[in-house]
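A short worksheet on the structure shown next.
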Amino acid sequence: MDSKLRRTAILSSLAVILLVSFLVLGANDGNRGGGPAPGGRPSQGAETPSAGSGGVNGQINGQIGNDLSAFLRDDSFFDPEKDPVLESIKDKINRLSLVVTSVEKDLRIQVVGRDGKPVAGKEFLVELGDMGQYEDLDQDGIIYIEGLAAGEYLVKLKPVEGFRVPENGIKVRVKDKVEYLPIEDIELLIRAEADVDAEREDAAVKDALTDGDETEIRSLQKVSGARTGIDVSGKNGEIDWKKVGDAGVEFAIIRAGYRGAVTGSLVEDPFFEENMKGAAANGISVGVYFSTQAVNEVEAVEEASAVLRLIRDYELDFPVFLDTEGVGIDGRADALDAETRAMVCEAFCRTVESGGYDAGVYGSRHWFGERLKMDGLQDYHIWLAEYRSIPRYEGYYHMWQYTSKAAVDGISGNVNMNVSYME
């Protein structure tokens, strides 16, 4: 085929294709949406809706028929649409969890919210297997049950209006004996001093004050082969640790916290963090102490666990001491006999040691001689408080608090001074 014939064939083919395309497009336009065909008549197969009627469910082009008041008869028309994301967030905010621990034949059940803290102000009720139900009477989010037989129990939280509770409960094991191990969730029990009545809760009677004499040394002492230091708490207020270091203080035993003398709350000392960081920043070695009001071994384990939680971000050069001073006739632990108090001290020390730290006990000469059975405590560091030039205490001790009336630059008011014979 020559080029002229080939061009003619190609043009003819293109013309046919264009004609077919035109016919197809025209047909679609004439029938789209049931619109009218030329001449103003409905095209074949089209429907003309009548008033009040519609297509599927009476809806045409987004309008439900021609009845503009139909929405008034729709009971769900004004219901807000639920946002699945917001519903999920709401569910998480109102979801409750149970944190349960056992030290010895007991259970401490804590009802915690999304922030991991006990939820206060609610009448929580838990079911403990076939033992019955227990109520959070003081509405602090914590239910303590003692006197239980060792074994496994199922703990279930009863429904609470406005909250989502665990559906299946949790299984826990009640321990038969104290294991002297740190309580992992103890931080839920540690409170800030602003949350308690500190004037009533943080009280102490220094037996060493009445046991001292006129030979008490009230100045910073440098003793050959020993180190000189202080011990402080929030009651000493803000401290200028640079001035303290420049004054010749080599170490500081800093209070981590205390157990309330009335309610038994575990309270962090308000200046603990500030004092720990200030002393370390100025080259002063540190140890810590905790003022006890524990009445049994279980509470002693709690106190030790609280200290271990508070000191976990710091390095200690000295032991963790338990201050066993009483607070007077109103102290919850003042009436303990010497043997029970010794058990409390040992439980504290063993728990501290299981956490990887050295442990010790603080007390006055009178306290060690009359209020504590010291036989089982000699393996721990003993910190003696006796305010006289030469101690009369006949037992062995590692550190001596020789006055509570010293003056040290950088600290307002009196401060306790110590001599340490530990390496």
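Numerical summary
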| quantity | calculated |
| --- | --- |
| Residues of region 177-208 classified as under 19 Å from Ile109 (Cα atoms), out of contact with any Leu (no Cβ under 7 Å at 6 or more places or on another chain) and among the basic types (Lys, Arg), total | 1 |
| Identity of the residue in region 394-423, in a loop (DSSP other than H, G, I, E, B) and of a type in the set (Gly, Ala, Ser), that ends up surrounded by the most Cβ atoms within 10 Å (Cβ to Cβ) | Gly410 |
| Identity of the residue in region 90-141, more than 26 Å from Ala192 (Cα to Cα) and of a type in the set (Asp, Glu), that ends up surrounded by the most Cβ atoms within 10 Å (Cβ to Cβ) | Glu104 |
| Answer residue from region 190-238, given it is closer than 30 Å to Lys117 by Cβ and aliphatic (A, V, I, L, M) and is farthest from the chain's Cα centre (by Cα) among those | Ala204 |
| Answer residue from region 128-147, given it is out of contact with any Asp or Glu (no Cβ under 6 Å at 6 or more places or on another chain) and in contact (Cβ under 8 Å) with a residue 40 or more places away in the chain and is nearest to Arg95 (Cα to Cα) among those | Ile142 |
| Near pairs, Cβ below 8 angstrom, 6+ apart or cross-chain, from region 209-224 (assigned by TED's automatic domain parsing to the domain that holds Val408 and surrounded by 16 or more Cβ atoms within 10 Å (Cβ to Cβ)) to any residue that is part of a loop (DSSP other than H, G, I, E, B) and of a type in the set (Val, Ile, Thr) | Leu220/Val249; Leu220/Val408 |
| Count of residues meeting criterion [modelled with pLDDT of 95 or more and of a type outside the set (A, V, I, L, M, F, W, C)] in region 374-387 | 4 |
| Among (1) in contact with a Lys or Arg (Cβ under 9 Å, 6 or more places away or on another chain); (2) without any contact (Cβ under 8 Å) to a residue 24 or more places away in the chain; (3) not in a loop (DSSP other than H, G, I, E, B) - the single one Glu199 does not satisfy | (1) |
| All positions within region 279-314 that are under 18 Å from Asp231 (Cβ atoms) and of a type in the set (D, E, K, R) | Glu303 |
| So Asp269, is it on the phi < 0 side of the Ramachandran plot and out of contact with any Lys or Arg (no Cβ under 6 Å at 6 or more places or on another chain) | no |
| Residue within region 389-398 that is modelled with pLDDT of 95 or more and β-branched (Val, Ile, Thr) present | no |
| Residues (aromatic (Phe, Trp, Tyr) and either over 27 Å from His366 (Cβ atoms) or in a helix (DSSP H, G or I) (or both)) located in region 297-324 | Tyr314 |
| Any pair with Cβ under 8 angstrom, 6 or more apart, that starts in region 280-298 at a residue that is under 24 Å from Lys175 (Cα atoms) and ends at one that is in a strand (DSSP E or B) | Thr292/Tyr258; Thr292/Arg259; Thr292/Leu322; Thr292/Asp323; Gln293/Tyr258; Gln293/Arg259; Ala294/Arg259; Val298/Asp106 |
| Residue in region 109-131 that is nearest to Val178 (Cα to Cα), counting only those that are in contact with a helix residue (DSSP H, G or I) (Cβ under 9 Å, 6 or more places away or on another chain) and part of a strand (DSSP E or B) | Gln110 |
| Qualifying residue in region 337-358 (condition: in contact (Cβ under 8 Å) with a residue 40 or more places away in the chain and part of a strand (DSSP E or B)) | no |
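The values are calculated or read from the model by the stated rules, or taken from the named source; none is laboratory data. Values in this document were obtained by computation on a predicted structure and should not be read as measured data. Backbone-built Cβ (ideal geometry, glycine too); neighbour counts: all protein chains shown.
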